[in-house]
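Accompanying notes for the structure given below.
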Amino acid sequence: MDSILIRGGTPLHGEIPIAGAKNACLALMPATLLSEEPLTLTNVPRLSDIKTMSLLLQSLGVEVSALQDGKVVAMSSHGLASSCADYDIVRKMRASNLVLGPLLAREGQAVVSLPGGCAIGARPMDIHVEALEALGAEIELRDGYLHAVAKSGLKGAIVPLRFASVGATENTLMAATLARGTTVIENAAREPEIVDLATCLRKMGARIEGDGTSRIEIEGVDRLTGATHPVIADRIELGTYMLAPAITGGEVECIGGRLDLVESFAEKLDAAEISVEQTQRGVKVSRRNGRIGAVDVATAPFPGFPTDLQAQMMALLCTAEGVSHLEETIFENRFMHAPELTRMGAEIEVHGGTATVTGVERLKGAPVMATDLRASVSLILAGLAAEGETLVSRVYHLDRGYEHVEEKLSAVGARIERVAAT
């Protein structure tokens, strides 16, 4: 199993290109199931999760071709061979559940294994099930699989979500495009990835209004066409690399980044004495004079502070002047990186959903272990700022969400390398 070795203490200078959004792409790819015509995505990130989604779609009979070194994915669902998403693939990635809505809308039936992914809480499927049942589906859980059928097709309805779930919003949005009549999703998620999906679906002929707000209205159509669509920039990768010069010193411009994707996050950086500037080419970040300032953070659905940047922010605040509090409101079990950071000299106390971080002047390199995708990159950030060497093991998580992380950080002066398993 590969590890990442970091020799810390070097300020970073230069440019880091920001890839297409993993979470957007993983919702856009299942949209191909809604049409017999080709769907082509550009600006695709080259990640293991994208390969997993490709394998899942291929198992259903979708033709998937990776072009231009994987940055373009062309798909065609003109001849589906199956409506069953098997456990062996679905267990690797939670986003696999996003085939449920499109399969129901197109085929009138679907059998989808309960999903896997990072171990950061239960993240149940009940909100997805309730939403699709509101559209007329009959769904039952048997032997670890959701068996769904819509004998008379899906019908438009008012769908109030108990929680503004991104995945449930995406599943319902895609299903509703081919439902008869009008669907209104209330308490819909507002994330940029939702807007990107709706934009793509409109290119395919869907009638959607209100994406980006908590009320999305979809008027069902008889069929959707093909389209070509560029994936938006990854706001989580953007936020992660914005933290690199913040934690090490120096100045880095994140090419292709947009501040409107990370506004609440950027506000916290500003409060922590980090300079953040939108440029013509991206987002430029540098530390102001002196130590980082302590700030309090509470995760929340968009446009609030992203849960997927909480671990990385904790790494930054480990060296802040004063005491910071981080409250995790989205997922339980998402402070598993805290014990690893304490191995590097951080002072962190976790009580339930709140972590109290007392800043230290300097972290120290140590052998640490990644527990999930975002935790793995938080340990890399900490290693960049630490004295000595940090060895991060179990970095297979990292490859699910970050494209060529060692190359991108090395290009701005980081001393980082991948150590192959022996």
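The values are calculated or read from the model by the stated rules, or taken from the named source; none is laboratory data. All values derive from a computational prediction rather than experimental measurement. Neighbour counts are summed over all protein chains in view; Cβ atoms, including those assigned to glycine, are modelled from backbone coordinates with ideal geometry.
Out of the range 162-174, which residues are at pLDDT 95 or above and touching a Ser or Thr at 6+ places or on another chain (Cβ under 8 Å)?
Selection gives THR172 alone.
I'd like to know if the range 181-198 contains one or more residues that are closer than 12 Å to ALA31 by Cβ, in the same structural domain as PHE163 (by TED's automatic domain parsing), free of Cβ contacts under 8 Å to residues at least 12 places away in the same chain and of a type outside the set (Val, Ile, Thr).
no
Any idea which residue in the range 105-151 is modelled with the highest pLDDT, counting only those that are touching a Gly at 6+ places or on another chain (Cβ under 8 Å) and under 19 Å from ARG91 (Cβ atoms)?
Restricting to residues being touching a Gly at 6+ places or on another chain (Cβ under 8 Å) and under 19 Å from ARG91 (Cβ atoms), the top hit is HIS128.
Quick check, is ALA370 crowded, with 21+ Cβ neighbours inside 10 Å and of a type outside the set (S, T, N, Q)?
Criteria met by ALA370.
Among the listed residues ALA414, ALA386, which satisfies the condition of being over 27 Å from ALA21 (Cβ atoms) and either basic (Lys, Arg) or buried (at least 19 other Cβ atoms within 10 Å of the Cβ) (or both)?
Values: ALA414 fails: over 27 Å from ALA21 (Cβ atoms).
Only one candidate passes the filter, namely ALA386.
State whether the residues of the range 292-315 include one that is modelled with pLDDT of 95 or more, farther than 17 Å from GLU263 by Cα and either assigned to a strand (DSSP E or B) or in contact with a Cys (Cβ under 8 Å, 6 or more places away or on another chain) (or both).
The answer is yes; a qualifying residue exists.
Scan the range 245-294 residue by residue and report those that are closer than 23 Å to ALA414 by Cα, among the polar types (S, T, N, Q) and either touching a helix residue (DSSP H, G or I) at 6+ places or on another chain (Cβ under 9 Å) or crowded, with 16+ Cβ neighbours inside 10 Å (or both).
Result: THR248, SER275, SER286.
Taking the range 217-229 as the search range and keeping residues that are out of contact with any helix residue (DSSP H, G or I) (no Cβ under 6 Å at 6 or more places or on another chain) and either of a type in the set (Val, Ile, Thr) or not assigned by TED's automatic domain parsing to the domain that holds PRO102 (or both), which one is nearest to GLY256 (Cα to Cα)? Before the answer, list the steps.
So in the range 217-229, the residues out of contact with any helix residue (DSSP H, G or I) (no Cβ under 6 Å at 6 or more places or on another chain) come out as 217, 219-223, 225-226, 228.
Filter again for either of a type in the set (Val, Ile, Thr) or not assigned by TED's automatic domain parsing to the domain that holds PRO102 (or both), leaving 221, 225, 228.
Numbers: VAL221: 34, THR225: 29, THR228: 20 Å.
Here the answer is THR228.
Which helices (runs of 4 or more DSSP H) sit wholly inside the range 1-96 and have at least 3 residues that are within 22 Å of the chain's Cα centre (by Cα) and crowded, with 19+ Cβ neighbours inside 10 Å?
22-28, 48-59
Looking at SER324, SER393 in this structure, which one is buried (at least 21 other Cβ atoms within 10 Å of the Cβ), on the phi < 0 side of the Ramachandran plot and among the hydroxyl-bearing types (Ser, Thr, Tyr)?
Unique residue meeting the criteria: SER324.
On the basis of being out of contact with any Gly (no Cβ under 9 Å at 6 or more places or on another chain) and under 18 Å from ARG190 (Cα atoms), does GLY290 make the cut?
So GLY290 fails the test.
Out of GLU237, GLU267, I need the residue that is in contact (Cβ under 8 Å) with a residue 24 or more places away in the chain, among the acidic types (Asp, Glu) and part of a helix (DSSP H, G or I). Which one? Give the derivation first.
Values: GLU267 fails: in contact (Cβ under 8 Å) with a residue 24 or more places away in the chain.
The conditions single out GLU237.
If you scan the range 210-234, which residues turn out to be hydrophobic (A, V, I, L, M, F, W, C) and either more than 27 Å from LEU39 (Cα to Cα) or touching a residue at least 60 places away in the same chain (Cβ under 8 Å) (or both)?
Matches in the range 210-234: ILE218, LEU224, ALA227, VAL231, ILE232, ALA233.
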